Each structure stands twice: as structure tokens, then as C-alpha cells.
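One structure is given here, and the rest of the page talks about it.
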């Protein structure tokens, strides 16, 4: 997922996307441990996506500032 796509999401969408990716990472780790998953690079992409989402949440993306002012 591109950083521009992440920045255009609301805070609630980012939090749900973060939970989804954290679950995906957990499942990938279990599959790799059980030798069901062959593509180890997928963990790297999921971790980077999680880091991007957390960065945007921390800095408060474009839409996050607008929604915070409205509340």
C-alpha cells in the first residue's frame, strides 16, 4: 500500500487497517513456523505497511487534522 493512499484515510480507517495488518502478520508468522508459507518476503511488506500506518497515525494525516477540529 502506497503512503499517499494511507494519508488519505481517516483515523478510524487507519486503525482498522492497522489491526487487519497486525492480524495478517501474526498469521504469516504462524504459517512460516509451521512451514506452510514459502514466501518470506511477505512479512517484510506487511511490517513496512504497519510502520507506514503507525507513522501517519502519529503525525496526524491530512484528514485526521480535519476530523480532530470538527470533534
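Every number here is computed from the coordinates shown, using simple stated rules; none is lab data. As the structure is a prediction and not an experimental result, all values here were calculated from the model.
Here are the numbers for this structure:
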{"read-out": "Net lengthening on full extension, residue 12/residue 51 (0.36 nm per residue, minus Cα-Cα)", "value": "12.4 nm"}
{"read-out": "The stretch 3-58: equivalent-ellipsoid semi-axes (sqrt of 5 x gyration tensor eigenvalues, Cα, Å)", "value": "25, 11, 7"}
{"read-out": "Length added when fully stretched, residue 43-residue 3, from 0.36 nm per residue minus Cα-Cα", "value": "12.6 nm"}
